[in-house]
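The structure under discussion appears below in the form of structure tokens.
Computed from the coordinates by the stated procedures, all read-outs in this text should not be read as laboratory data. Just so it is clear, the model here is predicted, and its values are computed rather than measured. Backbone-built Cβ (ideal geometry, glycine too); neighbour counts: all protein chains shown.
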Amino acid sequence: MLRVDLEAFERPFGPEEEWRRYIVDSSRNSPPMVFLLRRDGVPCLRAGNLQAVTGAAKSGKSFACLVFAAAALRGPFLGFEAVKPGGRVLWIDTEMEGGDVGARRRALCRVSGADADDRADRLVVLATADVEAKKDSRGKVLESENRVRRSLVFNAVRDWRPDLLILDGIRDICVDFNDPAESSGLVLDLRRLAAEVGCAIVTVLHENPAGDKMRGHLGTELLNKASEVYRVKLKADADGRYMSVETAASRNQPAGRWTFRIEDGAPIEAEIVELNPEESKRAERDRAIELAFYHRDGIGYNDLVKNVAEYLGCCVSTAKTRIGEAVTDGVVCKGEDGLYHLVRVKDESNADG
């Protein structure tokens, strides 16, 4: 592989000659690429680089990251194995409350074959949803909570120096994910951090509601700069819901497609029982509607349409059509309170994340 040779020129460069530092020298071999994991012999999660996991809301992105983390901690897990045993994992959650993050940590320890206390030297989990903005004595905001959270992330990585960082919510260390300059700067800083520490940084970012692209300019920068991008889709078969993960983009050999289900808050291997196209379409519709009612007994029509469109990745008109079909099939109904209610739930598994 070609590399930039910084030793080829011994004399100092003047401003006009600074470009010479970036001449590529092919006479030497660069250090081999280092990966944290492999699946069926295919290396993945390159150290010193940035990776991304994306998908619709509540599609199982965090659980896909849990598979990576478990493999790094324990070795073989759901088809993945650690290239170097004994990896250190830092998990930083930016969205969920501390109790929910604690449950996620316990699930990770359980599938990696150890009690929570046994992983203290190799696993650190941070819950940063409650980080507050810095203010002066008069209450004026000096630094937004997202900026404070960003500093916390960078300091934690430099101090603890993990092999794998799961940044579950890159959106929450960015003030405006539609700002090109900020998005580009943040992704560049994360790449430099990964190279500095020598770790793989796996970021999580939602897809746009009506498409398969990651949100905002931040998503565009991640797609351009990440060494690997994994897309998670929540699907359904005869046995209920399952997650399907595919390599959407990679600079190296793709790791292929893999699937899992959620049982007791943790991923397990999924044996897929295929449905015919019409059954699959109904199952996809039903799981989107179930997610739209997540922890709610009733929901207004406009919110229902918005949520179904997001979870199905479709336009508003298509979401309205699918909701109408669900009413006809007895999946949802409109109550006397004017809200829509879920009539039946086929699958109680939690696909949060």
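In this simple spin-label approximation, THR321 and ARG158 carry label points 7 Å from Cα along the Cα→Cβ vector, and these lie 5.4 nm apart.
Taking every C-alpha pair closer than 8 Å and separated by at least 6 residues, the mean separation divided by the residue count of region 277-342 gives a relative contact order of 35 percent. Roughly how many whole Å is it from the C-alpha centroid of region 35-87 to that of region 121-190? Comparing the Cα centres of region 35-87 and region 121-190, I get a distance of 22 Å. Report note on the peptides 295-301, 263-269: ranked by the mean count of other C-beta atoms within 10 Å, highest first, their order is 263-269, 295-301. Once the Cα atoms of helix 98-111 and of the chain are each reduced to a long axis, what angle between those two axes, in degrees from 0 to 90 to the nearest 10, is obtained? Long axis of 98-111 versus the principal axis of the chain: about 80 degrees.
Summing Lys and Arg as +1 and Asp and Glu as -1 over all other residues whose Cβ lies under 11 Å from the Cβ of VAL101 gives a net charge of -3.
Extending 7 Å from the Cα toward the beta-carbon at both SER30 and LEU142 defines two label points whose distance is 4.2 nm.
Sort 33-46, 174-187 by packing, meaning the average of other beta carbons within 10 Å per residue, with the highest value first.
Ranking, from highest mean packing down: 33-46, 174-187.
Pairing the Cα long axis of helix 301-312 with the longest principal axis of the chain, what angle in degrees results, from 0 to 90 and rounded to the nearest 10? With rounding to tens, the tilt is 50 degrees.
Note on ASN178 and GLU336: the extension gain reaches 52.8 nm, defined as 0.36 nm multiplied by sequence separation minus the Cα-Cα distance.
Defining a contact as two alpha carbons under 8 Å apart and six or more residues distant in sequence, what relative contact order in percent does the chain show? Don't skip to the answer; put the middle values down first.
On the way: 678 pairs, mean separation 65.9, N = 353.
Relative contact order of the chain: 19 percent.
For the chain, the residue among SER30, ALA283, LEU304 whose Cα projects farthest onto the positive side of the dipole built from Cβ charges is SER30.
Would you kindly state how much longer the chain becomes between VAL273 and LYS306 on full extension, computed as 0.36 nm times their sequence separation minus their alpha carbon distance, in nm to one decimal?
Going from the current span to full extension adds 8.9 nm.
Between GLU196 and LYS225, the contour length at 0.36 nm per residue exceeds the Cα-Cα span by 8.8 nm.
So how strong a dipole does the chain carry about its Cα centre when Lys and Arg Cβ are +1 and Asp and Glu Cβ are -1, to the nearest 20 debye?
Values: 52 positive and 58 negative charges, 123 e Å.
That gives a dipole near 600 debye.
Let me have the 222 nm mean residue ellipticity of the chain computed from DSSP H runs of 4+ only, each contributing -39500 (n - 2.57), with the sum over all residues rounded to the nearest 500. Don't jump to the answer; show the numbers that get you there.
Details: 8 runs with 113 residues, N = 353.
Here the helix-only value at 222 nm equals -10500 deg cm²/dmol.
Volume per residue of the convex hull around the Cα atoms, evaluated for the chain, comes out as 187 Å³. For region 277-342, the average shadow cast by the Cα convex hull is 4.0 nm², which is a quarter of the hull's surface. For the chain, the longest principal axis of the C-alpha atoms and the axis of helix 180-197 are separated by about 60°.
Quickly rank 276-289, 100-113 as a protection proxy: mean count of other C-beta atoms within 10 Å, highest first.
Numbers: 276-289: 17.0, 100-113: 19.0.
Per-residue Cβ counts within 10 Å, averaged per peptide and sorted highest first, yield 100-113, 276-289.
Dividing the convex hull volume of the alpha carbon atoms of region 89-245 by its residue count gives 154 Å³ per residue.
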